[in-house]
């Protein structure tokens, strides 16, 4: 790898502004990423220039975002043997992302407090069955639970003897 002189730094700044990627910036400047990071820590002017390049890179994304939100973008499609420019649908997700970024107080995450009082009562799902069917189902459940080493069910209406 080469020296990280002013020309190499300028190359790194330009590539970083275009890509937002430190590794690509370092490679284009002919240095390692470690060298680039060291210079970011040690040279305040270079660090300021890279910070400005990052802001410009983000501005590119924001410009593209605004285009996608507010401008009608078309794409060519063949319809009936002719090329037509069909509008692409707007992206609600992009709009929400922009709103969260620029108005987080209104669109960003907010803590939510929920207070609830829950009362759970057992439900006898077999209450409407005739007693013989009910007893058969309870025996089947008890046998399955016994095989799985689970406690046997209790039937609120009657006690079932598994030895019957």
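The values are calculated or read from the model by the stated rules, or taken from the named source; none is laboratory data. Here the structure is a predicted model, which is why all the values come from computation and not from measurement. So basically every Cβ, Gly included, is an ideal-geometry build from the backbone, and we count neighbours across all protein chains shown.
When we screen 60, 36, 40 for residues that are part of a helix (DSSP H, G or I), at pLDDT below 85 and either within 29 Å of the chain's Cα centre (by Cα) or within 30 Å of residue 7 (Cα to Cα) (or both), the only hit is 60.
Please indicate, with yes or no, whether at least one residue in segment 7-29 is touching a residue at least 40 places away in the same chain (Cβ under 8 Å), more than 32 Å from the chain's Cα centre (by Cα) and assigned to a helix (DSSP H, G or I). For segment 7-29, residues touching a residue at least 40 places away in the same chain (Cβ under 8 Å), more than 32 Å from the chain's Cα centre (by Cα) and assigned to a helix (DSSP H, G or I): present.
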